[in-house]
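What follows draws every value from the coordinates through simple rules; no lab data is involved. On a predicted model such as this, the values are computed, not experimentally measured, just so you know. A quick note on method: Cβ atoms are made from the backbone with ideal geometry, for glycine too, and the neighbour counts reach across all protein chains shown.
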Amino acid sequence: MLENTYLCAVFGKSMKENIIEAVERILDNYLEMNNHRKTPERYTILKAIYSIHGHFTLEELNEKLAGEFNFPVSRATLYNTLNLFLELRLVTRHRFQGSTKYEACYDNTNHCHQICTMCGKEMDIRSSDINEAVDNMRLKRFRKDGFTLYVFGVCSSCQAKITKRKRQEKEKEEKKAKEKKKLNK
Ligand SMILES: [Zn+2]
Ligand SMILES: [Zn+2]
């Protein structure tokens, strides 16, 4: 990261441009080493992925390519390309409740997610304490490259719904009890 900042200062490029160049280089190397042709599909898909901020579904990426990038690709191509990027660690896959989401990860490996177990809403959270704790963790015969953490719980709007439902149930019960009392009189 420090190196990136340095490069930005030297060449007057944005951080984002540097990141895209770096990930393209990783793809270049892979394709050259494996004698694959450098077709434009993979590069355009990579660029689209790194232009998205945060998590995205396969459908969302598809829409972005067809719309903003004017570069529609088949689902099979998209799926295969994403699998290649997963292998090259350019993309991570999250299996959130009921949906599979992807995320660009070259400059974004260490982070945590909070996930609501009721509505499935997920958000990235940053914690320097956790980063530090993982940094300080000593693992035997293992080089750490990065981590992803999931924190499960209930979001505030779901909590509000639960409280409301409980209150309504209580009011119903009280009403019933009152009517019973009246009848018994
Ligand atoms: Zn929720
Ligand atoms: Zn994330």
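The figures follow:
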item	result
Enumeration of residues in segment 141-156 that are under 19 Å from the mean Cα position of the chain (by Cα), among the hydrophobic types (A, V, I, L, M, F, W, C) and either within 16 Å of ligand 1 (Cβ to nearest atom) or farther than 20 Å from GLU122 by Cα (or both)	VAL151, PHE152, VAL154, CYS155
LYS140, sole failed condition from (1) touching a residue at least 60 places away in the same chain (Cβ under 8 Å); (2) farther than 30 Å from MET15 by Cβ	(1)
Breaking point among (1) surrounded by 10 or more Cβ atoms within 10 Å (Cβ to Cβ); (2) part of a helix (DSSP H, G or I), for LYS181	(1)
Residues of segment 113-128 classified as of a type in the set (A, V, I, L, M) and more than 10 Å from ligand 2 (Cβ to nearest atom), total	2
Filter result for ASN108 (free of Cβ contacts under 8 Å to residues at least 24 places away in the same chain, outside any loop (DSSP other than H, G, I, E, B) and under 30 Å from ASN29 (Cβ atoms))	no
Segment 73-92: number of residues that are farther than 18 Å from LEU27 by Cα and surrounded by 15 or more Cβ atoms within 10 Å (Cβ to Cβ)	1
Within segment 136-162, tally of residues that are loosely packed, with under 10 Cβ neighbours inside 10 Å and assigned to a helix (DSSP H, G or I)	2
Enumeration of residues in segment 101-117 that are exposed (fewer than 15 other Cβ atoms within 10 Å of the Cβ) and either within 16 Å of ligand 1 (Cβ to nearest atom) or closer than 17 Å to PHE152 by Cα (or both)	THR117
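A quick yes/no check of all residues on (1) closer than 26 Å to SER51 by Cβ; (2) in a helix (DSSP H, G or I); (3) over 17 Å from the mean Cα position of the chain (by Cα); (4) not hydrophobic (A, V, I, L, M, F, W, C):
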{"residue": "LEU78", "(1), (2), (3), (4)": "yes, yes, yes, no"}
{"residue": "THR81", "(1), (2), (3), (4)": "yes, yes, yes, yes"}
{"residue": "ARG89", "(1), (2), (3), (4)": "yes, no, no, yes"}
{"residue": "ASP124", "(1), (2), (3), (4)": "yes, no, no, yes"}
{"residue": "ASP129", "(1), (2), (3), (4)": "no, yes, yes, yes"}
